[in-house]
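So the structure is just underneath, and the comments pick up after that.
None of the figures in this text is laboratory data; all of them are computed from the coordinates on show. Model, not experiment: these values are computed from the prediction. Note: ideal-geometry Cβ built from the backbone for every residue, glycine included; neighbour counts use all protein chains shown.
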Amino acid sequence: MSPGPLSYQPCAERAPEKYFDQIPEGTFFYPGDNPYLADDLSLKVVPEEKSEYPIIINNKTGSLYFKPDFDFNLPKGYINLLLRTEKFNSQNNARNQALYKILPGFLVNMATSKLYDANTAGLTYHITAKTEGLLFTVKGVSDPLAKLMANLLSYLTNEDDFEKNSQHFEMAKEALIKKYRTLLLDSKALAHDL
């Protein structure tokens, strides 16, 4: 059979082994345990929890909207945490406003390498600068979500990370500048001034 686009040729028995001999030692490795993999994937349903609309749980510190997934019985969760910064945002200080807009990108850049395991476990996280405050969002299998949220918040509270990661700050600043330039060009409102 002649080689063509839809034909195959059997390779010699020794052919695959010669490629394995060329792989450098230590190229493949086991990455270790992933702390964000869920241990328990069962859905815990209490019969009185069945409702058509989300249940609002109120206490002194906030409100929680809760509704289990009765259609597909998936143990997935979605957590939003809003850290209110209205007083900080109302100062009309341009420097503070710019730093506030850079902060989410800076925190995500710092967290990306350390939270890689969370991404591989199917969890997602976002940090957004809103008018009301910083919004932290985590989504995925509900078991490890609290651990992921705690790790995200630790980046905000650890001052040593801010000083050590100036390159992450520069990356976040450049990304924000590119975003603003794109918005200006797309809106065409101020494009003629550029």
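For an R0 of 30 angstrom, estimate the FRET efficiency from the Cβ-Cβ distance between N80 and Q22 and round to the nearest 0.05. Before the final figure, lay out each step's value.
On the way: r = 50 Å, r/R0 = 1.68.
Calculated transfer efficiency: 0.05.
Give me the distance in nm between label points sitting 7 Å out from Cα along the Cα-to-Cβ direction at Q167 and S7, one decimal.
5.2
Under the Kirkwood approximation applied to all pairs of distinct alpha-carbon atoms, what is the hydrodynamic radius of the range 74-145 in Å?
13.4
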